[in-house]
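J.: I have a structure here, written as structure tokens, and I will follow up with some questions on it.
No lab work stands behind these numbers, since they all come straight from the coordinates. Values in this document were obtained by computation on a predicted structure and should not be read as measured data. Glycine also receives a Cβ, built like all others from the backbone with ideal geometry; neighbour counts cover every protein chain displayed.
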Amino acid sequence: MSGFDPTPKKPTDADTVITELMMPNQVNNLGNVFGGVILSMVDRAAAVAAIRHAGRPCVTVSIDRVDFREPIRSGELVTCSAHVNYVGTTSIEVGVRVDAENPLTGVKRHTNTCLLTFVAIDEACRPTPVPPLDLTDPDDRRRYEEGRKRRRRRLELP
């Protein structure tokens, strides 16, 4: 694998979108999609964004609080949109927005948002540096500062 490239990357370069049709085998006895199905999609979308940014394998370190605002039903399309918010030396915070869509009516609902942290690893599975972010866009700079504050709070936890 190639060495570390310190060239800043735009967060949008790693944006990832995964969409999947929810099927009857993915729902509970109430007809709602299992939370674990959604979390798996969220983790996969975020992992791809982290790997794209790092240019190396990345592993999930944490998933921040997850609140399911609305149920998702069998037959709906679920879209997970992942965006890199913050990078540290070896870590990458990725935000994922989850939307459900009725494909017959086109009605979309925002069902939840998650924040995940990944660490880039080298061939020995040790943490390895990741490129910094190009923060020329004001929204990217704002997301970065918010991510930096969240990281500081996480490090203060026991």
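J.: When every alpha-carbon pair in the chain is counted, what percent end up more than 19 Å apart?
T.: The proportion of pairs with Cα distances above 19 Å equals 56 percent.
J.: All other residues with a Cβ under 11 Å from the Cβ of Thr128 taken together, and with Lys, Arg as +1 and Asp, Glu as -1, what is their net charge?
T.: Net charge in that neighbourhood comes out at 0.
J.: As I understand it, the value is the acute angle between the Cα axis of helix 138-156 and the longest principal axis of the Cα atoms of the chain; what does it come to in degrees, rounded to 10?
T.: Once rounded, one gets 80 degrees.
J.: Which shape class applies to the stretch 99-142: rounded if a/c is under 1.5, otherwise prolate when a/b exceeds b/c and oblate if not, where a ≥ b ≥ c are the square roots of the Cα gyration tensor eigenvalues?
T.: Oblate shape, in that a/c is at least 1.5 and b/c is the bigger or equal ratio.
J.: Report the relative contact order of the chain, percent, no decimals, based on alpha-carbon pairs under 8 angstrom and at least 6 residues apart.
T.: 28 percent
J.: Specify the angular offset, from 0 to 90 degrees and rounded to the nearest 10, of the alpha carbon long axis of helix 35-54 from the longest principal axis of the alpha carbons in the chain.
T.: Roughly 30 degrees between the two axes.
J.: Still on this structure, please answer the following. Could you let me know the centre-to-centre spacing of the stretch 69-92 and the stretch 130-156, using Cα atoms, in angstrom?
T.: Using only Cα atoms, the two centres lie 17 Å from each other.
J.: Counting Lys and Arg as +1 and Asp and Glu as -1, what is the net charge of the other residues whose Cβ lies under 12 Å from the Cβ of Lys149?
T.: So the environment of Lys149 carries a net charge of +4.
J.: Compute the whole-percent fraction of alpha carbon pairs in the stretch 67-158 spaced more than 23 Å apart.
T.: 41 percent
J.: Please compute the net charge surrounding Ile92, taking Lys and Arg as +1 and Asp and Glu as -1 over other residues with Cβ under 12 Å from its Cβ.
T.: Working: positive: Lys9, Arg52, Arg56, Arg151; negative: Glu93.
Within the 12 Å Cβ shell, the charges total +3.
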